[in-house]
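**Q** Have a look at this one.
The values are calculated or read from the model by the stated rules, or taken from the named source; none is laboratory data. This one's a predicted model, so the numbers in the text were calculated from it and none came from an experiment. With ideal geometry, Cβ positions are generated from the backbone for all residues, glycine too; neighbour counts draw on all protein chains shown. The accessibility values were calculated without ligands, DNA or RNA, using every heavy atom of the protein model including side chains. Shrake-Rupley method; radii C 1.70, N 1.55, O 1.52, S 1.80 Å.
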Amino acid sequence: MIKRFLFVVVPLVLLLVIAHSIYKPGLSGGFLLDDQASVSKLAIINDELSFDHLYDYFAASETGLLKRPVSVFSFLLDATNWPAEAYSFKRTNLIIHLINGGLLYLLIWLVVRAHQRYQDHAIWVAFTATALWLLNPFLVSSTLYVVQRMAMLPALFVLLGLLVFFLLRRRLLAHESKPLYLLLWLSVVAATVLAMLSKENGVLYIFLVALFNVYILQGWLGFQPMSRTANWWIIRVPVILLVLAIVLQVPGAIDKYDYREFDLTERLLTQFRALTVYLYHLLIPDYFTEGVYTDGFKTSTRPWQPLSTMFSMLFVIGLLLGGWLLRKPYPWLAFVVFFFFAAHILESSIFPLEMYFEHRNYVPALFMFVPVCLLLSHLVRQTRLYFLVPLVLVALFAMQTQMRVHFWSNNTFLNQQTLSKFPESVRVHTLYAMQYDQSGLPGDALKIIEDASLIHDDLELKINAIMLRCNMKIMDEQRLDEFNQALQNQRFTKDDMLPFDGLIRVMVNGDCDDQWGGDRMLETLEYFARNPVMSTQFGVGLNEYYRAKYHIHKTAEFDQAVEHYMATFATDQDINVLLEAGRDFYSKSAIKQARLMLERAENAYHKQFRYRMDWHKIKAQILQLNQKIESFRSE
């Protein structure tokens, strides 16, 4: 018994030790991009794990519809205050990656061992298939990018769920009982809920377990189907509900294309190319890919623009058709194909997310290498040399991963290399410039941004360049006029919001040259009002918001500011706009207008939060503003 246990465990321990040693140098890398936006909220905890601090910390999460509590609270394992070192966060990510590798190994071993034809090679198949996933260089950016713990934790619950599902289904073969069916149903619900609370796309576990049941348990292992009633409640009803939930999200998703630089058709066309590139990088290892700087991925505007779109469409459709036609003779192949695409349903379909991200493949790639390992285990009956093929692949993947981890061990080095290899990314130019600006070298930052502008006719770069020149007091009339023309003609997108908001605040605060007086700010806003985005509700709301800022801070025309604030609120019904307006008026001693905004906020609160959770303590903010206004009036 002990010998058998060691025979199973030793290869896994060896694999995990190898993976840890390869990844360990990457733990020295720093935070990147969205990391700080999520992790910096630990400052709310302030080393005190009280209920109020935990509530406020969770309420501040802006990570998704469900606020991802499992992922958000997992950061408390690494720090309880901010600022903090990235090392502990990356270490926890690595631990999760290793745990996922261990679960994947165990699940594949149990499943393959249950098949009479392959049971002698179960450990070998589990070891090689897991190693090719665990040491895949394409997954380095998921593991060492702190915030992508939100992609890794759903994988953990998917694997746990499939493992428990397999064990209970196997138990049901020997003895059918209602308690076992109840446990099976509870396991599906628990895995789905925990995966969803890690990241919303965890809900896709419902699809994934259905595929696992049909193609692997019934199709490959020959398990008897569950009873009709059990199949309905455990598989079919959840799948139907999920399909309906996705369909109901379509109208809201389409509305959000207002602030994207692409439309729904372009996104769907581009996803054929994205899915094809994902598969290429997963199967053909590369030590350096875009990583987090994927914004340069070209949009497909027509099925033939670029031409690779058409070939990608044929490839994806061919894969799906092939999987369906071969589902009976080759159930593992069909399972892997359908599992990959099912796991991409939310992030690679109609929803207006960014076009391309490597971390989206963390779950879809889980079982990708099992079919080839099973094929080689069959061929090994002819010659033992086939044992070497996957081992050579594992060694190749491990070397490529080690090389990629080396780049990720230093942010500056990573940014430099990405800038060199993928100059089409605006994001890497911006982040690299920010590093120089934060180091007290704004001139170098400006050079990086303006050099990038020669390559990219991008509005975000132009906004950042203007803001740097403003802060450095080297603005000139010609550059400002050129910027205003660009602001009028180039479509304003979601990526432009943060830098433009910063620029407006610089104008409002009077931190620029004298020439940036109120009239010049108004002129810039006039050009902004003619931007193509003004044909959307998103653009109208932004324009009204900035006009309100202008009138309240530059001209003290408070009644006009009220009109613009109310117009802003009308576009998205965001009660925070009214509260911000009230605070702005209070800061200017415009108590009449502050009181008006407070009354509108109170009315909106009673309508909006009758059946909603007040996560951000809006009621408390209303009371606080009311106290300030009343105390001012009493004085």
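**Q** From the list 197, 163, 104, 168, which one is within 28 Å of residue 399 (Cα to Cα) and either surrounded by fewer than 23 Cβ atoms within 10 Å (Cβ to Cβ) or at pLDDT 95 or above (or both)?
**A** Only one candidate passes the filter, namely 104.
**Q** Looking at the range 248-277 only, could you name the residues that are within 21 Å of the chain's Cα centre (by Cα), exposed (fewer than 15 other Cβ atoms within 10 Å of the Cβ) and among the β-branched types (Val, Ile, Thr)?
**A** Selection gives 250, 254.
**Q** Turning to a different aspect of this structure: Six or more apart or on different chains, Cβ under 7 Å: which pairs go from a residue in the range 155-173 that's closer than 24 Å to residue 365 by Cβ to one that's of a type in the set (S, T, N, Q) and open to solvent by less than 10 Å² (accessible area, probe 1.4 Å)? Could you list them?
**A** 155/100; 156/100; 157/198; 159/100
**Q** Here's another thing I want to ask about it. Working carefully through the options 223, 212, 207, 262, find the one that is at pLDDT 90 or above, part of a loop (DSSP other than H, G, I, E, B) and hydrophobic (A, V, I, L, M, F, W, C).
**A** One residue alone meets the criteria, 223.
**Q** Inside the range 1-54, can you point out the residues that are in contact with a His (Cβ under 8 Å, 6 or more places away or on another chain) and either of a type in the set (Ser, Thr, Tyr) or free of Cβ contacts under 8 Å to residues at least 24 places away in the same chain (or both)?
**A** Matches in the range 1-54: 23, 44.
**Q** Additional query: Looking at the range 464-473, is at least one residue of a type in the set (Lys, Arg) and either modelled with pLDDT under 90 or outside any helix (DSSP H, G or I) (or both)?
**A** yes
**Q** Right, here's the next one. Would you call residue 635 open to solvent by 30 Å² or more (accessible area, probe 1.4 Å) and modelled with pLDDT of 80 or more?
**A** no
**Q** Still on this structure, please answer the following. Could you please tell me which pairs satisfy a Cβ distance under 9 Å, a separation of 6+ or placement on different chains, a first residue in the range 313-335 that is assigned to a helix (DSSP H, G or I), and a second residue that is open to solvent by 70 Å² or more (accessible area, probe 1.4 Å) and among the hydroxyl-bearing types (Ser, Thr, Tyr)?
**A** If the second residue must be open to solvent by 70 Å² or more (accessible area, probe 1.4 Å) and among the hydroxyl-bearing types (Ser, Thr, Tyr), the pairs left are 323/330.
**Q** Need pairs with beta-carbon distance below 7 Å; first residue closer than 16 Å to residue 402 by Cα and in contact (Cβ under 8 Å) with a residue 24 or more places away in the chain and within the range 273-301, second assigned to a loop (DSSP other than H, G, I, E, B) and open to solvent by 20 Å² or more (accessible area, probe 1.4 Å); sequence gap 6+ or separate chains.
**A** As it stands, the answer is 282/368, since those pairs meet every condition given.
**Q** Taking only pairs six or more apart or across chains, which ones have beta-carbon atoms under 7 Å, a first residue in the range 488-506 that is closer than 22 Å to residue 352 by Cα and assigned to a loop (DSSP other than H, G, I, E, B), and a second residue that is of a type in the set (D, E, K, R) and open to solvent by 40 Å² or more (accessible area, probe 1.4 Å)?
**A** Hits for this filter: 491/261; 493/261.
**Q** Can you pull out the residues in the range 33-68 that are among the charged types (D, E, K, R) and open to solvent by less than 40 Å² (accessible area, probe 1.4 Å)?
**A** 35, 67, 68
**Q** Exactly one condition in (1) touching a residue at least 40 places away in the same chain (Cβ under 8 Å); (2) surrounded by fewer than 21 Cβ atoms within 10 Å (Cβ to Cβ); (3) farther than 30 Å from residue 90 by Cα is false for residue 463; which is it?
**A** Going through (1) touching a residue at least 40 places away in the same chain (Cβ under 8 Å); (2) surrounded by fewer than 21 Cβ atoms within 10 Å (Cβ to Cβ); (3) farther than 30 Å from residue 90 by Cα one by one, residue 463 breaks only (2).
**Q** Is it the case that the range 107-119 has a residue that's crowded, with 20+ Cβ neighbours inside 10 Å and under 29 Å from the mean Cα position of the chain (by Cα)?
**A** yes
**Q** Here is a follow-up. Being open to solvent by less than 10 Å² (accessible area, probe 1.4 Å) and not hydrophobic (A, V, I, L, M, F, W, C) is the filter; apply it to the range 334-359 and report the residue that is nearest to residue 157 (Cα to Cα).
**A** 344
**Q** With the condition kept exactly as written, say whether any residue in the range 614-627 is open to solvent by 60 Å² or more (accessible area, probe 1.4 Å), charged (D, E, K, R) and either farther than 26 Å from residue 498 by Cβ or touching a Leu at 6+ places or on another chain (Cβ under 8 Å) (or both).
**A** Yes, that holds for at least one residue.
**Q** How many residues are among the β-branched types (Val, Ile, Thr), more than 18 Å from residue 133 (Cα to Cα) and modelled with pLDDT under 95 if we restrict to the range 265-296?
**A** 3
**Q** Somewhere in the range 412-422, is a residue of a type in the set (Phe, Trp, Tyr), in contact (Cβ under 8 Å) with a residue 60 or more places away in the chain, closer than 30 Å to residue 463 by Cα and buried (at least 16 other Cβ atoms within 10 Å of the Cβ)?
**A** Looking for residues that are of a type in the set (Phe, Trp, Tyr), in contact (Cβ under 8 Å) with a residue 60 or more places away in the chain, closer than 30 Å to residue 463 by Cα and buried (at least 16 other Cβ atoms within 10 Å of the Cβ), one finds at least one in the range 412-422, hence yes.
**Q** Scan the range 566-589 and tell me whether some residue there is over 33 Å from the mean Cα position of the chain (by Cα), of a type in the set (Phe, Trp, Tyr) and either crowded, with 21+ Cβ neighbours inside 10 Å or assigned to a helix (DSSP H, G or I) (or both).
**A** Yes, the range 566-589 has at least one match.
**Q** Among the listed residues 142, 177, which satisfies the condition of being surrounded by 20 or more Cβ atoms within 10 Å (Cβ to Cβ) and of a type in the set (S, T, N, Q)?
**A** After applying the criteria, what remains is 142.
**Q** Going by the conditions given, is residue 563 among the acidic types (Asp, Glu), open to solvent by 60 Å² or more (accessible area, probe 1.4 Å), at pLDDT 90 or above and on the phi < 0 side of the Ramachandran plot?
**A** It is true that residue 563 is among the acidic types (Asp, Glu), open to solvent by 60 Å² or more (accessible area, probe 1.4 Å), at pLDDT 90 or above and on the phi < 0 side of the Ramachandran plot.
**Q** A follow-up question, please. Restricting the range 286-307 to residues that are open to solvent by less than 40 Å² (accessible area, probe 1.4 Å), of a type in the set (Ser, Thr, Tyr) and closer than 30 Å to residue 395 by Cβ, which is farthest from the chain's Cα centre (by Cα)?
**A** 289
**Q** Continuing with this model, one more query. Pick from 377, 439, 348: which is of a type in the set (Ser, Thr, Tyr) and closer than 28 Å to residue 199 by Cα?
**A** Going through 377, 439, 348 in turn, just one is of a type in the set (Ser, Thr, Tyr) and closer than 28 Å to residue 199 by Cα: 348.
**Q** Please pick out the residue among 496, 501 that is charged (D, E, K, R), under 17 Å from residue 542 (Cβ atoms) and open to solvent by less than 20 Å² (accessible area, probe 1.4 Å).
**A** Among 496, 501, only 496 is charged (D, E, K, R), under 17 Å from residue 542 (Cβ atoms) and open to solvent by less than 20 Å² (accessible area, probe 1.4 Å).
**Q** Another question, then. Which residues, counting only those in the range 436-456, are open to solvent by 50 Å² or more (accessible area, probe 1.4 Å), in a helix (DSSP H, G or I) and not charged (D, E, K, R)?
**A** Residues satisfying the conditions are 436, 438, 454, 455.
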